[in-house]
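The block underneath contains the structure these notes are about, expressed in structure tokens.
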Amino acid sequence: MFGSRKCADNEISSFQAFCTSLAARVGTGNMAGVAVALYLGGPGAIFWMWLIALIGMATSFAESTLAQAYKTKDADGNFRGGPAYYMQNGLGKRWMGTLFSLCLILAFGLVFNAVQSNSIAAAFEVAFDVPKYIVGICLVIGSGIIIFGGLKTISRFAEMVVPFMALAYLLVALYVCAINFTALPDVIVLIIKSAFGIEQAGAGAIGYGVTQAMIQGIKRGLFSNEAGMGSAANAAATATPYPPHPASQGYVQMLGVFIDTIVICTATASLILLSQQLVPESGVMGIELTQAALQEHVGDWGTYFIAIAILFFAFTSIVANYSYAETNLMFLEHNSNKGMFIFRLVVLGMVMFGAVGELGLIWTLADISMGLMAIVNVIALFMLSGVVVWLSKDYNEQRKKGLIPTFDKSKHPKLAKEVDPEAWK
């Protein structure tokens, strides 16, 4: 991350791009999603979340490196890129990029934002007894102000908010772990045993099978860290990286997956498993379960803290998700002023729908959208794996020589013909 803030005033730094992608990753999945995984899959689901995160770090490196290599510069001087762009420019398959863009716009522009607003509204209803429709209206107004401000506004907003919100949440989780220090080893053992069906999940728990733990851990892990889906690659492409090499942004984005799942999701799991609130068939799941767990540890203010935390986590996810959708709308060449204005209104409409809608339906739509994106993107990553390997070797060889890695497209004649000359001069 050293040097990742370096860029011109009118550009987006690697750190800002990292914060934008982390803003999208760190959201409902870290708090409500972990609680859903524990309720439906038991403690063993957390093990599978860890495993998918470790695999996801590799896919995140690949997709972010490719996004940087095949990025383009738009009419406003912003870098744009992501899976749709490397599918078109690297594979020569615009139809594939179009399919991916449509899936991403559906998932991130619409469905996932409904998931985020749903969790915020539910948390505020529990903590402050605020009607969901009031929360929805406030979210629409706040999101609209930032969304209509453009890509650089979103990046700078994420840079300011994300580090603060992540640190505050982790400090509270560390405090809970500290006051329950003697129980932590038992929690870790429970997670591992439950993942393989060695021990039933918790006192009095029934029916948590290995398959269910695996399914829930993988589903909720993917929703949280987004690795392999290609979404964060859209943020990675916006950066002016330092060192000036595509692989440098790949390494930066790997860290995002680690922070999201291994650190923050584990913090949420610890809050819940160190409490007595995980009760099968109780119906208490999602953000309400996380609130109940923290309330048990620290008192009533825990409910309020989770409500405020999910506001920051999920709100930044909403604006970052929109930036991904905007990039793919531009790829589809439907980015006229009128078209963009209408799309922004539809996005804000989904934010309102999510605030007052039913949780089950919204999560189902999210899972379907996520699966479609991942399938298309992973196929493209496999087909472009040779480019990823070459860029990685080129970067590391320069580092070994004591050089600042710099991308020289002339070393790879085929790649030189495929990249945007305005993006890599």
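Each reported figure results from applying straightforward, stated rules to the coordinates on display, with no laboratory input. Since this is a predicted model, take the numbers as computed values, not measurements. Neighbour counts run over all protein chains shown; Cβ positions are idealised from the backbone, glycine included.
Based on alpha carbons, the Rg and Dmax found for the chain are 21.0, 64 Å.
So how do Glu288, Glu226, Glu125, Glu397 line up by other beta-carbon neighbours within 10 Å, fewest first?
Glu397, Glu125, Glu288, Glu226
Return the tail of the calculated pair distribution for the stretch 299-425, meaning the percent of Cα-Cα pairs more than 18 Å apart. Above the 18 Å cut-off, the stretch 299-425 has 74 percent of its Cα pairs. One quarter of the surface of the convex hull around the alpha-carbon atoms of the stretch 249-351 equals 9.3 nm², the direction-averaged projected area. How far, in nm, would the chain grow between Val263 and Ile134 when pulled straight, counting 0.36 nm per residue and subtracting the alpha carbon separation? Length gained between Val263 and Ile134: 43.2 nm. Given +1 at the Cβ of Lys and Arg, -1 at the Cβ of Asp and Glu and no other charges, the dipole of the chain around its Cα centre is 1420 debye to the nearest 20. Relative to the longest principal axis of the Cα atoms of the chain, helix 337-356 runs at roughly 10 degrees.
Here the translational diffusion coefficient of the stretch 202-298 follows from Stokes-Einstein with Rh set to the Kirkwood radius across Cα pairs; for 25 °C and 0.890 mPa s it amounts to 154 µm²/s. When the inverse distances between all different Cα atoms of the stretch 41-170 are averaged and flipped, the Kirkwood radius reads 18.1 angstrom.
Computed from backbone phi with θ = phi - 60° and the Karplus coefficients 6.51, -1.76 and 1.60, the 3J(HN,Hα) list for the stretch 183-194 is 8, 4, x, 5, 5, 4, 4, 4, 4, 5, 5, 5 Hz; x is used for glycine and proline. On C-alpha positions alone, give me the angle between the axis of helix 210-225 and the longest principal axis of the chain, in degrees, nearest 10. Helix 210-225 and the main axis of the chain meet at about 50 degrees.
Between the Cα long axis of helix 246-257 and the first principal axis of the chain there is an angle of about 10°, rounded to the nearest 10.
Values of log10 I(q)/I(0) for the stretch 66-139 across q = 0.13, 0.24, 0.26 Å⁻¹ run -0.58, -0.99, -1.08, by the Debye formula with one identical scatterer at each alpha carbon and no solvent.
Once backbone amide H atoms are built at 1.01 Å from N, Ile12 has Thr240 as its partners under 5 Å, excluding neighbours fewer than 5 places away on the same chain.
Here the sum of -39500 (n - 2.57) over DSSP H runs of 4 or more residues, divided by the residues of the chain, equals -22500 deg cm²/dmol at 222 nm, to the nearest 500. The Cα-based radius of gyration and maximum Cα-Cα distance (Dmax) for the stretch 360-425 are 17.7, 54 Å.
Tell me whether the stretch 134-179 comes out rounded, prolate or oblate; compute the Cα gyration tensor, take square roots of the eigenvalues as a ≥ b ≥ c, and use a/c under 1.5 as the rounded threshold.
Details: a/c = 7.04, a/b = 1.85, b/c = 3.80.
Oblate.
With q set to 0.13, 0.27 Å⁻¹, the log10 of I(q)/I(0) for the stretch 117-201, from the Debye formula over equal scatterers at the Cα positions, is -0.76, -1.16. Straight Cα distances below 18 angstrom link Lys401 to the lysines Lys393, Lys411, with same-chain residues fewer than 8 positions distant left out. Which of rounded, prolate or oblate describes the stretch 136-287 when judged by the alpha-carbon gyration tensor and an a/c cut-off of 1.5? Here the stretch 136-287 falls in the prolate category.
When only Cα pairs below 8 angstrom with a gap of at least 6 residues are kept, the chain shows a relative contact order of 37 percent.
Ranked by Cβ crowding within 10 angstrom, fewest neighbours first, how are Asp74, Asp300 ordered? Before the final figure, lay out each step's value.
Values: Asp74 13, Asp300 9.
So the ranking, lowest neighbour count to highest, is Asp300, Asp74.
Going from the fewest other Cβ atoms within 10 Å to the most, the residues Leu365, Leu381 appear in the order Leu365, Leu381.
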